[in-house]
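The values are calculated or read from the model by the stated rules, or taken from the named source; none is laboratory data. The structure displayed is predicted, hence computed values, not measured ones. Backbone-built Cβ (ideal geometry, glycine too); neighbour counts: all protein chains shown. With ligands, DNA and RNA removed, areas are computed over all heavy atoms of the protein, side chains included. Shrake-Rupley method; radii C 1.70, N 1.55, O 1.52, S 1.80 Å.
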Amino acid sequence: MKQFTYTIQDNVGIHARPAGMLAKAAKALDSAVTVEKADGKSAAATKLMAVMGLGVKCGDTVTVKVEGGDEAANAAALEAFFKENL
């Protein structure tokens, strides 16, 4: 398992548009991707409503866990996605 932490920079947090983009990006990977908040709540990144249900706001730090497949490459791709979009 690979993981990284990221502090959300988007002023609105993870709302519908970026959550949809994240779900689409995660579905394209051959790994299981989980987004976890500091309070312990987590959701599969491929589940749009579950990710939105986490209520991630600007300034919140999330941990992204990548399991299976090419973990190193997929984690790097997701980290780049977070930096560009969130």
Inset, instruction - Can you figure out the FRET efficiency of residue 30 with residue 3, using R₀ = 22 Å and their beta-carbon distance, to the nearest 0.05? - result: 0.85
Inset, instruction - Normalise the Debye intensity by I(0) for the chain, one equal point scatterer per Cα, no solvent, then take log10 at q = 0.25 Å⁻¹ and round to two decimals. - result: -1.35
Legend entry - Dipole-positive endmost among 76, 9, 33 within the chain (Cβ charges, Cα centre): 9
Inset, instruction - Give the carbon-plus-sulfur fraction of the accessible surface of the chain in %, rounded to a whole number; probe 1.4 Å, heavy atoms of protein chains only. - result: 51 percent
